[in-house]
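The values are calculated or read from the model by the stated rules, or taken from the named source; none is laboratory data. The structure presented is a predicted model; accordingly, all values stated were derived computationally and were not measured. When we count neighbours, we look across all protein chains shown, and the Cβ atoms used for this are built from the backbone with ideal geometry, even at glycine. For accessibility, only protein heavy atoms count, side chains too; no ligands or nucleic acids. Shrake-Rupley method; radii C 1.70, N 1.55, O 1.52, S 1.80 Å.
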Amino acid sequence: MNAKDQLEPTVFVIFGGAGDLAWRKLMPALFDLSQDRSMPAHFSIIAVDRVDLTDEKLRRRLHDGVRKFSRQGMAKTTAWGEFARHIRYQQGDFKKLQTYTTLAGECARLEKEWGAKVHRIFYMATPPSMFGEIPKYLGKAGLARDRQWARIVVEKPIGYDLESARALNAVLAANFEESQIFRIDHYLGKETVQNILAFRFANPLFEPLWNRRYVDCVTITAVEAVGVEHRGGYYEHAGALRDMVQNHLMQLLCLVAMEPMVSFEADEIRNKKADVLHAVRPIHRDAVHQCVVRGQYGPGWVGGKKVPGYREEAGVSPNSETETFVALRLFLDNWRWQGVPFYLRTGKRLARHASEITIQFRGVPHQSFPTESTLDWQSSRLVMSIQPDEGIVLRFQAKHPGPKMHLRSVEMQFNYQDAFATRSPEAYETLLWDVMKNDATLFMRADQVEAAWRLLMPVLDVWAAAPPSDFPNYAAGTWGPENAQGLLAEGHSWPLPTALVGQCKKRGKNS
Ligand code: BG6
């Protein structure tokens, strides 16, 4: 960090500060930022929640989360002590004005103590039912008023469908300007996701090929080996389409398909991304079954262990109709991508954990090699591997050594960790740092969120009207339901995740 990045005094208010997100993600990220000297010289973290806790008890709980999840590993007692003195607990009801006037008083007190105006960041790490309430009270207490100094952070899910997303956006807009609203999609904070823009637009090499003339199809995969873990209750009401497609997969689609930005301004990039969503060919209700496949896992084997089916998971109904797998085929109606299928796939309890984007290139216009040279021919492709392996793989044809002209597919690889010899920051570190810097580039704007919902509403409506008759339709540990193959055009396939060779791989719980 250099001097011009030095952040101004900041009060970071976490509604739901005693909850899981603060424990697992937010506090480890803030602690890691502090260890990298990326927190402001003056900062205070106020955790607001309903439970009866003291500052000390809360700090102990948060320390436990930091020990488990911090990128820095076990927090040293002195480093933690130094950081923890900035954390305070405020017990309060999210639906009482008093909670907010107390906060306003505390912000005023800190301004006086530090002799400077403070940035106020309000992070809603609460159940979604509170997302529509907290902004109203912040507004009433006058805490939202100052456009340059007050910001609100909204976690996923942003609505349950188009109507509820619009309603939530309306409440936010009634109390905050759009520039003050930071809607988190944690995928956008991943280094490898940000690298999509760097790769595409900082190199003149691939952009000329990045269009319908050379690209045969694009596949976006975000699959997990884990099941719903302890989140059955939430997942039952979400399902894979709401949980992963509406946000993370749509954001990846935007980054891979967008036009070059003119500048690196937040709104310029977000405009280009919104254009992609507007170009997606609407899915008509009567075509839903041809373009989208849903699935639910039954019992099976993952990593050599027998695992239960979704319907046997805690918090899940034994007759659940919730999908744990979705595959879609989309088209973009614009000059660049007309006719190129974009295949999207996500699911839980699949054979492996992997998120990646595969650009499959067309074959050569004329095959001049003798047929016997090309028996092992595979199409050229570029894979952007987002996680757990982080890097890029280019597959192309080469001559196999020997007297004959025999072509074989070979790979060139770039492995993030080997190239940079450093571990990437966690997505939340990047995103929280950006909120503190007031940079909204990596956050979703209201119109993007609504455009993504609009696109998926016919699918949700048709599914709600016609419950699945074949669930569970894939065994845990496989690649999902068979009928996902039916979405693919001839010559296309769901690619198996790429494994990067490299020295220092970062593997998570999911691998
Ligand atoms: C979350 C979903 O947004 O993303 C989870 O709610 C999913 O269901 C998670 O497991 C995947 O994120 P990551 O970063 O672990 O790939």
Tally of residues being within 28 Å of Lys306 (Cα to Cα) and either surrounded by fewer than 19 Cβ atoms within 10 Å (Cβ to Cβ) or not aliphatic (A, V, I, L, M) (or both) across region 338-350: 5
Close pairs (7 angstrom Cβ cut-off, 6 or more residues apart or separate chains): without any contact (Cβ under 8 Å) to a residue 24 or more places away in the chain and away from the ligand (no atom under 11 Å from the Cβ) in region 242-262, in a helix (DSSP H, G or I) and open to solvent by 10 Å² or more (accessible area, probe 1.4 Å) anywhere: Met258/Lys272; Met258/Asp275; Val262/Glu268
Answer from Ala314, Ala327 - the residue that is within 23 Å of Glu482 (Cα to Cα) and small (Gly, Ala, Ser): Ala327
Conditions (1) open to solvent by less than 10 Å² (accessible area, probe 1.4 Å); (2) within 25 Å of Val326 (Cβ to Cβ); number of the one not met by Tyr234: (1)
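Restricting attention to region 151-204, which residues are without any contact (Cβ under 8 Å) to a residue 60 or more places away in the chain and part of a loop (DSSP other than H, G, I, E, B)?
Passing the criteria: Phe176, Glu177, Ala202, Asn203, Pro204.
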Strands (runs of 3 or more DSSP E) fully within region 264-332 counting 3 or more residues that are in contact (Cβ under 8 Å) with a residue 40 or more places away in the chain: 292-295, 300-302, 325-330
Boolean, Gly132 is assigned to a loop (DSSP other than H, G, I, E, B) and open to solvent by less than 60 Å² (accessible area, probe 1.4 Å): yes
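Where residues in region 352-402 are of a type in the set (Lys, Arg) and open to solvent by 70 Å² or more (accessible area, probe 1.4 Å), which of them is nearest to Phe342 (Cα to Cα)?
Of the residues in region 352-402, the ones of a type in the set (Lys, Arg) are 352, 362, 381, 395, 399.
Within this subset, residues satisfying the condition of being open to solvent by 70 Å² or more (accessible area, probe 1.4 Å) are 362, 399.
Working: Arg362: 14, Lys399: 31 Å.
Across region 352-402, the extreme among qualifying residues is Arg362.
For (1) modelled with pLDDT of 95 or more; (2) among the hydrophobic types (A, V, I, L, M, F, W, C); (3) within 16 Å of the ligand (Cβ to nearest atom), each residue gets a yes or a no:
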site: Gly233; (1), (2), (3): no, no, yes
site: Cys291; (1), (2), (3): yes, yes, no
site: Gly304; (1), (2), (3): no, no, no
site: Ser320; (1), (2), (3): yes, no, yes
site: Phe325; (1), (2), (3): yes, yes, yes
site: Asp333; (1), (2), (3): yes, no, no
Residue tally, condition open to solvent by 50 Å² or more (accessible area, probe 1.4 Å), in a helix (DSSP H, G or I) and not acidic (Asp, Glu), over region 451-482: 3
Evaluation of Val228 against (1) touching a residue at least 40 places away in the same chain (Cβ under 8 Å); (2) near the ligand (Cβ under 9 Å from one of its atoms); (3) open to solvent by 10 Å² or more (accessible area, probe 1.4 Å); (4) in a loop (DSSP other than H, G, I, E, B) (one fails), failing number: (3)
Region 403-426 - residue that is in a strand (DSSP E or B) and open to solvent by less than 30 Å² (accessible area, probe 1.4 Å) and, of those, farthest from Leu252 (Cα to Cα): Leu407
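In the set Asp93, Asp64, Asp49, which member is touching a residue at least 12 places away in the same chain (Cβ under 8 Å), under 28 Å from the mean Cα position of the chain (by Cα) and surrounded by fewer than 16 Cβ atoms within 10 Å (Cβ to Cβ)? Show your work before the answer.
Details: Asp93 fails: under 28 Å from the mean Cα position of the chain (by Cα); Asp49 fails: surrounded by fewer than 16 Cβ atoms within 10 Å (Cβ to Cβ).
Answer to the selection: Asp64.
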